[in-house]
Amino acid sequence: MSPRTLLRSLTAAAAAAAALSLTACGAITSADSGSVGSDDGSFTLAPYIQQRIDDDKPIRIKLSYHDPSLAFATPIGAGMKKAGKELGAEVSLIGPTGGDAAKQVSEIQTLIQQKAVDGLAVSSASSDALKPVISQAYRAGIPIISFNTDNPDSQQMGFVGQDLKGSGKAQAEQLRKDLKGDVNGKSVVVFSVDTGAGWSHDRFNGFKEGLDGSGLKIVGPVNVGNEPNSAYNTVESTMSGQSGVAAVVGLDCCSTTAAAKWVAQSGKADTIAMGGFDLLTQTTEYIKSGVLDFSISQNPAEQGYQAVKVLHDFLTEGTEIKGVDTGAQFVTRENLADVAVED
């Protein structure tokens, strides 16, 4: 009997406070009915998935990303496809354009009801909104993890991505090193494409912690949305009402480029420190020109790759699901040539 047909037993694990300590929840056992949840909360693999494994059919893995229209989704999809090709899995990137949590939930519920997925990775448009459907997938016997954006209070079985709070704290600590002159009593303006998203909350909370004791006043985070022209207009209107600004930061790819565009056009790059996230082609140009002091890459291609691999290995080999840290790399003019662009 091959390992693909064996019943697999894993130790139940509670969701940990730290994203990277999450492991697979519960034990996999066989089940005979549509209701596969167990009284003790352990994981029970859906019969239809076990049957596909026994029949040696390709594992169907879907990555539900909170907004596939974002440029950051492109390298995630590339990493996902690479893993699918290497492992012989059927993979696809799905999700709602514009970050609509209700649409993301509805799409996932349809997959569950139609038994159209064998493994699921979710990047939440809203942590609170996605918790029930993550639980629904878990109880339905579908292995489910989070990637890119963590949801530690849900029934996710693991997390693949960057330590979001830690990366926000690291951003603030680096920004403090790049501040120019006496900044006591001055302000730092923070922008995000979606201030209501769980990832934005986590990153901003880390940023606040890292800035504690700096003497700077935090303005924001200001929501800019993901449409480039609208995002820039929001940055411009926000900055027009500010004085004594010592620094500007973006918490993601697209608020970073929108804010950097304003800094460049304002002619204040020599007096305002700026830090951001991700590494779009446009971001690299702002780093080269000195508008952006640094950006933090979170390796989206690796997130897509590892999300597929973690689920595939769990289903086909019984490998325990563990958190995968895709890291936080600081990108400056000094190492820019050595870092892969993310779009």
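Does region 86-109 contain any residue that is modelled with pLDDT of 95 or more, more than 30 Å from Phe207 (Cα to Cα), open to solvent by less than 20 Å² (accessible area, probe 1.4 Å) and not aromatic (Phe, Trp, Tyr)?
Checked against the condition, which is being modelled with pLDDT of 95 or more, more than 30 Å from Phe207 (Cα to Cα), open to solvent by less than 20 Å² (accessible area, probe 1.4 Å) and not aromatic (Phe, Trp, Tyr), region 86-109 yields at least one hit.
Give region 300-317 a look and list any residue that's under 13 Å from Met157 (Cβ atoms) and in contact with a Leu (Cβ under 7 Å, 6 or more places away or on another chain), or say none.
Scanning region 300-317 gives a single hit, Ala307.
Among the strands (runs of 3 or more DSSP E) lying completely within region 102-188, list those that include at least 3 residues that are at negative phi.
119-122, 144-147
Please go through region 178-208 and pick out each residue that is closer than 30 Å to Gly98 by Cβ, among the acidic types (Asp, Glu) and either touching a Leu at 6+ places or on another chain (Cβ under 7 Å) or open to solvent by 60 Å² or more (accessible area, probe 1.4 Å) (or both).
Within region 178-208, Asp202 is the sole residue that qualifies.
Can you tell me which residue is farthest from Ile53 (Cα to Cα) among those in region 139-162 that are surrounded by 24 or more Cβ atoms within 10 Å (Cβ to Cβ) and out of contact with any helix residue (DSSP H, G or I) (no Cβ under 7 Å at 6 or more places or on another chain)?
Looking at the filtered set, the residue picked out is Gln162.
Of all residues in region 204-226 being out of contact with any strand residue (DSSP E or B) (no Cβ under 6 Å at 6 or more places or on another chain) and part of a loop (DSSP other than H, G, I, E, B), which is nearest to Phe72 (Cα to Cα)?
Asn226
Please list, ordered by first then second residue, the pairs with beta carbon atoms under 6 Å, 6 or more apart or interchain, first in region 255-266 and charged (D, E, K, R), second open to solvent by 10 Å² or more (accessible area, probe 1.4 Å).
Lys261/Tyr232
The values are calculated or read from the model by the stated rules, or taken from the named source; none is laboratory data. Fair warning: this is a prediction, and the values are worked out from it, not measured in the lab. Ideal geometry is used to build each Cβ from the backbone, glycine not excepted, and the neighbour counts take in all protein chains shown. Note: accessible area is taken over every heavy atom of the protein model, side chains too, but ligands, DNA and RNA are not part of it. Shrake-Rupley method; radii C 1.70, N 1.55, O 1.52, S 1.80 Å.
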